[in-house]
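Please read the structure below before turning to the comments.
The values are calculated or read from the model by the stated rules, or taken from the named source; none is laboratory data. Because the structure is predicted, anything quoted here is derived from the model rather than measured. Glycine also receives a Cβ, built like all others from the backbone with ideal geometry; neighbour counts cover every protein chain displayed. When the accessible area is computed, the model is the full protein with side chains, heavy atoms only, and any ligands, DNA or RNA have been set aside. Shrake-Rupley method; radii C 1.70, N 1.55, O 1.52, S 1.80 Å.
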Amino acid sequence: MSIDTEPSTAGSGTRPGPPSRRRGGTAMLFVLPLVVAVVFAAWLLWRANADLDSIEARQLEWITISTLLREHVELTAVSALLVVVIAVPLGIALTRPASRALAPVAVGVANAGQAAPAIGLLVLLAIWLGFGFGTAVVALTLYAVLPVLRNTITGIEGVDPTLVEAGRGLGMSGFGVLLRVELPLALPVIMTGVRTALVLLVGTATLATFINAGGLGSLIVTGITLFRYPVLVSGALLVALLALLVDWAGRMLEFTVRPKGLRS
């Protein structure tokens, strides 16, 4: 799987991207939520007027949808938090001189976790740890660590060495240089990895229903099992809208935490 690490951003030090790209990124901050709102409103209108049988109507009741949506968001949010807490400090540690040689090994292990089929990883962990929310979170975290870990390493290693040396020349400690020079400049690349992981988590969390962890995947499985295509399409549509909304939230977070000098 190809991970967008945006090496040109990390290697440029303080140089922002082309003006057209920055304008396009800013426009997406407004377009994405509008698209999600319009499509979701259209789905609600369809749901209110659709001719559904008793099974379809029960599966698409608002209380059922809201419960499954809450479970899906909880799975995504908890897993994403753990991914960031694990991958970012680990990526920083692997860019330090004392442990840099271990970086290929760590990335290889993370890559192996993502290369494994998600459903197989979920089932194997469920057999070992038991079924439920906690096991799903462990599996999703293992599955989404790679983008954040790799982008953290790439972002920090791509910072212009002259800027690092300048910080040290000003009397900063190694931690001070990391905190005030390396991390701010690497942040756009790191946030790209976080956004990739978030969207990956939203999609993969649909499989959590197979180990009784809930989520919108229940609608998709029910639709396939019972040949109820309105339920199947509704589940797929809601997952897609949630992925778009999560990507928008990631863009907003990236724009908020990005250093002022690098903002578009």
### Task
Collect the residues in the range 202-233 that are buried (at least 23 other Cβ atoms within 10 Å of the Cβ) and part of a loop (DSSP other than H, G, I, E, B), keeping them in residue-number order.
A213, G215, L216
### Query
When you look at V159, is it under 27 Å from I86 (Cα atoms), touching a residue at least 40 places away in the same chain (Cβ under 8 Å), open to solvent by 40 Å² or more (accessible area, probe 1.4 Å) and of a type in the set (V, I, T), yes or no?
no
### Message
For V78, only one of the following conditions fails: (1) assigned to a helix (DSSP H, G or I); (2) open to solvent by less than 40 Å² (accessible area, probe 1.4 Å). What is its number?
### Response
(2)
#### Entry: Contacts under 8 angstrom Cβ, first residue in the range 88-101 being farther than 13 Å from E157 by Cβ and in contact (Cβ under 8 Å) with a residue 24 or more places away in the chain, partner open to solvent by less than 90 Å² (accessible area, probe 1.4 Å) and of a type outside the set (D, E), 6 or more apart
V88/V148; V88/T152; V88/I190; L90/A106; L90/L149; L90/T152
## Note on the structure
When restricted to V181, V138, the only residue out of contact with any Asp or Glu (no Cβ under 9 Å at 6 or more places or on another chain), open to solvent by 10 Å² or more (accessible area, probe 1.4 Å) and modelled with pLDDT of 90 or more is V138
### Message
Please pick out the residue among V78, V109, V88, V73 that is within 11 Å of V145 (Cβ to Cβ) and modelled with pLDDT of 80 or more.
### Response
V88
